[in-house]
Amino acid sequence: MSFMEKFYLKGKKAIITGGAHGLGAGIAEGLCEAGAEVVIISSSNRCIEAAERLTKAGFLAHAVQANLMKREEVEEGFNKALGLLNGKIDILVNNAGIQRRHKCEEFPMEDWDDVISINLNAVFQMCQLAGRVMLVNGGGKIINLASMLSFFGGFTVAAYAASKGGVAQITKALSNEWSGRNVHVNAIAPGYMDTEMNVNLVNDESRNTEILGRIPIGRWGTPEDMKGLVIFLASTASDYINGAIIPVDGGYLAK
Ligand SMILES: NC(=O)c1ccc[n+]([C@@H]2O[C@H](COP(=O)([O-])OP(=O)(O)OC[C@H]3O[C@@H](n4cnc5c(N)ncnc54)[C@H](O)[C@@H]3O)[C@@H](O)[C@H]2O)c1
């Protein structure tokens, strides 16, 4: 095998949460372009349209609707996705996530619970479900979506910062236990990305100017920007990278 062939994902089977739009859609498309078969799990029926779009483009893609805020649906959704992949999973991307903004003193605990349940609890549960299969089947690649808020506390985003700090920590904890058994766990920390999650920031002229001024590359990130690192981390070319939290941020963190 030539070294470049290590990047190919032909024949690999992948599950991605929240891959219907935003960064997840770019990630799902990237995995497909590299040759993988994907199942997109999301709470809305937009995952069905997303899988149809990929199938029409000639890729192998499926959809499973599941609300990852509910613990029993995480397991049900995973099992349905695994069934569509004939019981095999090589790649898991935990991408689904939500944001809720409130001052700390006013943060409603319901919103706190929602953020933690999708952004952190469901991530660990999906890792556990996929890891159990991967450990028995000889290996796999798990990629979690962290954030700049894995490093910073931010303002008005306490639950999100707590959840993404947690994602970075469980990525390391899982990697410590599983990398020696060929299950590689890493995280990607996107910077400021132009998706539905940030629509208010993009449309707020003064915040937008402030944010762009802080990004050395001088533009917001896009779903397309996610593809290179995801394909690399999903491939055997990255086997010696374990428990890493890698920024895709146009240089934001370095500034
Ligand atoms: N956009 C950014 O600037 C940015 C920066 C850092 C990290 N991230 C992270 O990247 C990931 C994707 O973010 P995005 O900007 O594409 O967001 P987005 O809002 O565009 O997409 C979020 C995805 O999560 C899914 N989702 C939300 N709630 C769900 C639920 N209960 N059950 C199942 N699926 C659910 C949605 O269906 C959607 O596909 C998130 O984990 C986010 O925290 C985003």
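Side notes on the structure shown:
- Of all residues in the range 216-239, those satisfying the criterion of being more than 20 Å from Lys141 (Cβ to Cβ) and within 19 Å of the chain's Cα centre (by Cα) are Trp220, Gly221, Thr222, Glu224.
- Selection within the range 119-167 - part of a helix (DSSP H, G or I), within 9 Å of the ligand (Cβ to nearest atom) and either free of Cβ contacts under 8 Å to residues at least 40 places away in the same chain or surrounded by 20 or more Cβ atoms within 10 Å (Cβ to Cβ) (or both): Asn119, Ala122, Val123, Leu149, Ser150, Tyr160, Ser163, Lys164, Val167
- Test set (1) over 18 Å from the mean Cα position of the chain (by Cα); (2) away from the ligand (no atom under 12 Å from the Cβ) - Lys12 fails condition number: (1)
- Complete set of residues in the range 179-197 that are near the ligand (Cβ under 8 Å from one of its atoms) and assigned to a loop (DSSP other than H, G, I, E, B): Gly191, Tyr192, Asp194, Thr195
- Scanning the range 146-155 for residues that are hydroxyl-bearing (Ser, Thr, Tyr) and under 24 Å from Glu29 (Cβ atoms) turns up at least one hit.
- Just one residue in the set Glu49, Glu33, Glu37 is acidic (Asp, Glu) and touching a strand residue (DSSP E or B) at 6+ places or on another chain (Cβ under 7 Å); that residue is Glu37.
- Top-ranked residue of the range 19-51 - restricted to ones that are of a type in the set (D, E, K, R) and surrounded by fewer than 22 Cβ atoms within 10 Å (Cβ to Cβ), ranked as farthest from Glu196 (Cα to Cα): Glu33
- Qualifying residues in the range 22-47 (those that are among the β-branched types (Val, Ile, Thr) and over 16 Å from Leu68 (Cα atoms)) - the one nearest to the ligand (Cβ to nearest atom): Ile27
- From the options Thr171, Thr156, Thr209, residue that is β-branched (Val, Ile, Thr) and touching a strand residue (DSSP E or B) at 6+ places or on another chain (Cβ under 7 Å): Thr171
- One residue from Glu29, Glu106, Glu33, Glu37 being at pLDDT 95 or above, of a type in the set (D, E, K, R) and farther than 19 Å from Lys227 by Cβ: Glu106
- Residues in the range 100-111 that are assigned to a loop (DSSP other than H, G, I, E, B) and either within 16 Å of the ligand (Cβ to nearest atom) or in contact (Cβ under 8 Å) with a residue 12 or more places away in the chain (or both): Arg100, Arg101, His102, Lys103, Phe107.
- Matching option when the condition is within 16 Å of the ligand (Cβ to nearest atom) and modelled with pLDDT under 95, among Gly97, Gly77, Gly19: Gly19
- Sole exception among (1) part of a helix (DSSP H, G or I); (2) touching a residue at least 12 places away in the same chain (Cβ under 8 Å) for Glu210, by number: (2)
- Of all residues in the range 198-214 being within 22 Å of the chain's Cα centre (by Cα) and surrounded by 14 or more Cβ atoms within 10 Å (Cβ to Cβ), the one that is nearest to the ligand (Cβ to nearest atom): Asn198
The values are calculated or read from the model by the stated rules, or taken from the named source; none is laboratory data. Everything numeric here is computed off the predicted structure, so don't read it as measured data. All Cβ positions, even for glycine, are placed from backbone atoms using ideal geometry, and neighbour counts span all protein chains on display.
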